[in-house]
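Chemist: Attaching a single structure in structure tokens format; questions to follow.
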Amino acid sequence: MTSTTVPAASASHVEKGAPAVEHRGSLGLVRGTALYIAAVLGTGILVLPGLTASVAGPGSILAVAAVFLLSIPLAGTFAALAARYPDPGGVASYVRRALGNTPARIAGYWFYFGVCVGGPVVGVLGAEYIVAVLGVDHSAVGIVGLAILVPPFVANLFGLRVSGTVQLGLTVLLLAVVIGVVAVAFPAADPANFQPFLPHGLAGVGAAISLFLWAFAGWEVGTHIAGEFANPRKVIPWATGIAVVVVGVAYLLLQIVTVAVLGPDAGNGPVPLINLVSAVAPGVGPVAVAIVAGVVVLGVINVYLGAFGKLGASLGRDGDLPRWLAKGVEDGAVPRRALSVTAVLIAIYYALMAANGFDLTAFILVHTSCMAAIYAFGMIAAVKILDRWSIGWWMAIVSSVLTVGLLVLAGPNLVIPAVLALAAIVVALVKRRVARRTARVSTLRQAQDGASSTNPVSTLRQAQDGASSTSGAPMIEPVEISPTATPLEAP
């Protein structure tokens, strides 16, 4: 995919609600749909079916259905925004248009510092599969996870990207794995595994919904690539609609089969897809699943590292982070400084995961709680800037109500978005104070310059200096006249 990303416009030169500059690209319906599917149906299939089954049992199927229905207006709203405002700034740019700089800075921090925790999570997920296939000790997950993270970082430092055609191939391969797993495992389904249906009550279903937000997060990614479409207004809604159906059906079928075949053991072990295939087709099946999982993980990390790099550079350009990060924000440039900061962040998160025994639940919840907060801001912005009474506007209204439910489900996990929001507010206050101090100093200097320009002695000296510099002849030293001085007598 050829990148035509342009810097996000700042509030200083973007009129609220005004359409963004129109961008034209080469993406059509097929490759565009593949990118949407890849952004949403990715690493979630590696762990979430088993993880949600462990917290909700068969009730996790209800969680999938609920999040699927929730994703329809969310995806529709982002499709409407992307089609009308094909701006690579994404949600932060919409928030800037609707709410101003500080809310946009908050949304940017949620992405860069909160959603970024998903990077090492993806690396660990891939490592779990590889270690399971190789049959080595589970302690090797840490080393393998780091090894998975290195190639995408190297690729992004040299500006390499996964093309749209390669991503299309990865998406087709991923869908083939899902369909194959469901087809192979379904004959081993046991109806008894659906009892009891709600072993952990509705609270378990709520927890599973919060976890599944990880699986259905990604619709906002389309807002960053909207300018790559040949006809954003026409293609993006169709690509989004197809992707919603494909992703929803894939997750629903996979969750049903996971519960039906594995039952209470669905949550045992970190590699449910391999466990599922091993239950009915041991041997070649798990190896194939692990290889595909590794390829998908590398592709996902590569794409998102590039996005985080550009986001970090744009935050530096807009003054939301140190301005030296802005290097590489231009189209076609490589944001190596921002990528280096991203590497430090991921290293910190990875160390915390290792200290926690690579239990990913808490980190996934951090990621999903930040996404819930971003969605809430995005929906508010959509209500303000989309055409009133349009389909997209109505979807934004519905999504605004639904995202309130997501925030409630996130509950105490919202402490991380709250801390990041507080940091963004502190930055705004500091910037405002510095701006006032700078303005005050500038005003004092201008006043001093003005006073100097009205002083006759100063004026005469300035004139003397100017004449001396041009003629080289010395001038008579000016005489300061006081009110009590006597007149000079003529010679």
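The values are calculated or read from the model by the stated rules, or taken from the named source; none is laboratory data. This one's a predicted model, so the numbers in the text were calculated from it and none came from an experiment. Don't worry about glycine lacking a Cβ; one is built from the backbone with ideal geometry, like all the others, and counts go over all protein chains shown.
Chemist: Examine the range 31-49 for a residue that is among the polar types (S, T, N, Q), at pLDDT below 85 and touching a helix residue (DSSP H, G or I) at 6+ places or on another chain (Cβ under 6 Å), and state whether such a residue exists.
Modeler: Taking the range 31-49 and keeping what is among the polar types (S, T, N, Q), we get 33, 43.
If we keep only those that are at pLDDT below 85 too, we end up with 33, 43.
In the following step, the residues that additionally are touching a helix residue (DSSP H, G or I) at 6+ places or on another chain (Cβ under 6 Å) were identified as 33, 43.
Among the residues of the range 31-49, at least one is among the polar types (S, T, N, Q), at pLDDT below 85 and touching a helix residue (DSSP H, G or I) at 6+ places or on another chain (Cβ under 6 Å), which makes the answer yes.
Chemist: When the range 350-364 is examined, which residues are found to be under 29 Å from residue 404 (Cβ atoms) and assigned to a helix (DSSP H, G or I)?
Modeler: Those that are under 29 Å from residue 404 (Cβ atoms) and assigned to a helix (DSSP H, G or I): 361, 362, 363, 364.
Chemist: Those residues that are closer than 17 Å to residue 430 by Cβ, modelled with pLDDT under 85 and touching a Gly at 6+ places or on another chain (Cβ under 9 Å), I need them from the range 316-334; list them, please.
Modeler: Matches in the range 316-334: 318 only.
Chemist: Considering only the range 310-349, how many residues are part of a helix (DSSP H, G or I) and either free of Cβ contacts under 8 Å to residues at least 40 places away in the same chain or under 15 Å from residue 116 (Cα atoms) (or both)?
Modeler: Narrowing the range 310-349 to residues part of a helix (DSSP H, G or I): 310-317, 323-326, 336-349.
Okay, now just the ones that are also either free of Cβ contacts under 8 Å to residues at least 40 places away in the same chain or under 15 Å from residue 116 (Cα atoms) (or both), so 310-313, 315-316, 323-326, 337-349.
The total comes to 23.
Chemist: While we're looking at this one, here's another question. Find the residue count for the range 365-424, including only residues that are part of a helix (DSSP H, G or I), of a type in the set (Phe, Trp, Tyr) and over 30 Å from residue 203 (Cα atoms). Can you show your working first?
Modeler: Of all residues in the range 365-424, those part of a helix (DSSP H, G or I) come to 365-385, 391-424.
Filter again for of a type in the set (Phe, Trp, Tyr), leaving 375, 377, 393-394.
Then keep just the ones that are over 30 Å from residue 203 (Cα atoms); that gives 393.
Selection size over the range 365-424: 1.
Chemist: Next question, about the same structure. Could you grab the pairs with beta carbons closer than 6 Å, sequence gap of 6+ or different chains, first residue in the range 206-229 and within 16 Å of residue 92 (Cβ to Cβ), second one modelled with pLDDT of 70 or more and outside any helix (DSSP H, G or I)?
Modeler: Sorted first by the residue in the range 206-229, then by its partner, the pairs are 226/86; 227/86.
Chemist: If I ask for residues that are outside any helix (DSSP H, G or I) and more than 13 Å from residue 274 (Cα to Cα), which ones from the range 115-146 would you list? Give the derivation first.
Modeler: Filtering the range 115-146 for residues outside any helix (DSSP H, G or I) gives 135-137.
136, 137, listed by residue number.
Chemist: OK, next. Please specify each residue of the range 56-93 satisfying the condition of being assigned to a helix (DSSP H, G or I) and of a type in the set (D, E, K, R).
Modeler: Scanning the range 56-93 gives a single hit, 84.
Chemist: Read through the list (1) over 24 Å from residue 291 (Cα atoms); (2) at pLDDT below 75, then give the number of the only condition that residue 277 fails.
Modeler: Exception for residue 277: condition (1).
Chemist: Of the numbered conditions (1) in contact with a Ser or Thr (Cβ under 8 Å, 6 or more places away or on another chain); (2) modelled with pLDDT under 85, residue 133 satisfies every one except a single condition; which is it?
Modeler: Evaluating residue 133 over (1) in contact with a Ser or Thr (Cβ under 8 Å, 6 or more places away or on another chain); (2) modelled with pLDDT under 85 leaves (1) as the failure.
Chemist: Moving to a separate point now. Out of curiosity, is residue 125 under 30 Å from residue 327 (Cβ atoms), touching a helix residue (DSSP H, G or I) at 6+ places or on another chain (Cβ under 6 Å), crowded, with 19+ Cβ neighbours inside 10 Å and modelled with pLDDT of 80 or more?
Modeler: No: the conditions fail for residue 125.
Per-residue answers, yes or no, for (1) modelled with pLDDT of 90 or more; (2) surrounded by 19 or more Cβ atoms within 10 Å (Cβ to Cβ):
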position: 382; (1), (2): yes, yes
position: 386; (1), (2): yes, yes
position: 393; (1), (2): yes, no
position: 405; (1), (2): no, no
position: 412; (1), (2): no, no
position: 418; (1), (2): yes, no
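Chemist: Can you find a residue in the range 88-111 that is in contact with a Cys (Cβ under 9 Å, 6 or more places away or on another chain), under 15 Å from residue 305 (Cα atoms) and at pLDDT 90 or above?
Modeler: no
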